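Have a look at the structure below, then the notes.
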Amino acid sequence: MIAWLGTGLLGANFVRKMLERGETVHVWNRTPEKAHALEADGATAFDQPIDAVRGASEIHLTLSDDASVDAVLDPLADVILPTAFIADHTTTAPTPTGDRAQRWKQRGRTFVHAPVFMGPSMARNATGLMLLSGDPQIRARVKPRLEPMTGKIVELGDDPARAAAFKLFGNMMLLVITGGLA
C-alpha cells in the first residue's frame, strides 16, 4: 500500500496514475476536501496523516516547503514501518534536505529526496523528469518504484542534498529564461 501526503494538483495526478496502474493508495492533505476528492478515483482518504501512512510500504510527499515536510513527517516517525521508504518530491533547500535524510537514517527509516520537473499533466501522464540522489543502495531500492511515475530519472550521486540543489538551480534557470523571453 502507498501513502501520498499532499494532494494538490501535482500530488493528485501522481495518485490518479498510480490508481490506474492498480496500486492501493491512501491519501491525506491539509485541506481534507482535496484528499477526499480522490476517493472517486479509488483512493482511500484520511483526515490525519498518521492514519494514511499506517501500514504503508512507501510514502510519497508533495508539500509546499521544508517546514511543511518536517511538520508532517516528524510526528509519524514511530508509525512508519522500518521496511517502508519515504520519497519526498517537494522542492526543498539542500541543507535541510541533507539534515532530513540524516535524521531519518538515525531513526532507522529510508528517506530519499526525488524532486521533479513536472507539471500536473505530466504527473498524470507519467512523463517529465525526476531527480534522485543519496545512498546508492537506497537509490537502487527505490528507483524501480519511482520509474513508473516519470519519463526519466536522473541520478545525481551519493550526496542526499544534491537533488535539492539541482532542482533549485533548474528553477532559477527557468526563471532566467522566462524573464529573458519576456
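The values are calculated or read from the model by the stated rules, or taken from the named source; none is laboratory data. Please read all numbers here as calculations on a predicted model, not as lab measurements. For neighbour counting, all protein chains shown are included, and Cβ atoms are generated from backbone atoms with ideal geometry for every residue, glycine included. SASA here: full protein model, heavy atoms, side chains in, ligands and nucleic acids out. Shrake-Rupley method; radii C 1.70, N 1.55, O 1.52, S 1.80 Å.
Over the chain, what is the mean sequence separation of C-alpha contacts under 8 Å (at least six apart), divided by residue count, expressed as relative contact order in percent?
The normalised contact order for the chain reaches 19 percent.
Out of residues 5 or more away from HIS60 or on other chains, whose amide H comes under 5 Å of its own, with H placed 1.01 Å from N in the peptide plane?
ALA3, TRP4, LEU5, ALA87
If I compute solvent accessible area with a 1.4 Å probe over the protein chains, what percent of it on the stretch 18-87 is carbon and sulfur?
About 51 percent, which is the carbon plus sulfur part of the accessible surface.
For the stretch 55-63, in order, what is each residue's ³J(HN,Hα) by Karplus, 6.51 cos²θ - 1.76 cosθ + 1.60 with θ = phi - 60°, in whole Hz (x at glycine and Pro)?
Each residue's phi maps through the Karplus curve to give x, 6, 8, 8, 10, 10, 10, 9, 10 Hz.
Please work out how many pairs of lysine residues in the chain are eight or more positions apart (or on different chains) and have Cα atoms closer than 22 angstrom.
The result is 7.
Under a point spin-label approximation (7 Å from Cα along Cα-to-Cβ), what is the ALA140-SER121 distance to one decimal in nm?
3.9 nm
Are there GluC sites (Glu not before Pro) in the stretch 1-47 that DSSP puts in a loop and that have at most 15 other Cβ atoms within 10 Å, and which ones? It would help to have the intermediate numbers written out before the result.
Numbers: sites: GLU20, GLU23, GLU33, GLU39; in loops: GLU23.
Hits after loop and neighbour filter: nothing returned.
Across the stretch 69-78, in residue order, what do the Karplus-derived ³J(HN,Hα) couplings come to in whole Hz, using 6.51 cos²θ - 1.76 cosθ + 1.60 with θ = phi - 60° and x for Gly and Pro?
Each residue's phi maps through the Karplus curve to give 4, 5, 5, 7, 6, 3, x, 9, 3, 7 Hz.
Of the DSSP beta bridges with both residues in the chain, give the percent that are antiparallel, rounding to the nearest 5. Show your work: numbers first, answer last.
On the way: 3 of 25 bridges.
Of those bridges, close to 10 percent are antiparallel.
For the chain, set up a GNM with springs between Cα atoms under 10 Å and report which of ALA114, ALA126, ALA163 has the largest fluctuation.
ALA126
Each residue of the stretch 26-31 in order: what ³J(HN,Hα) in whole Hz does its phi give by Karplus 6.51 cos²θ - 1.76 cosθ + 1.60, θ = phi - 60°, with x for Gly and Pro?
Listing the rounded values in order: 9, 10, 8, 8, 4, 9 Hz.
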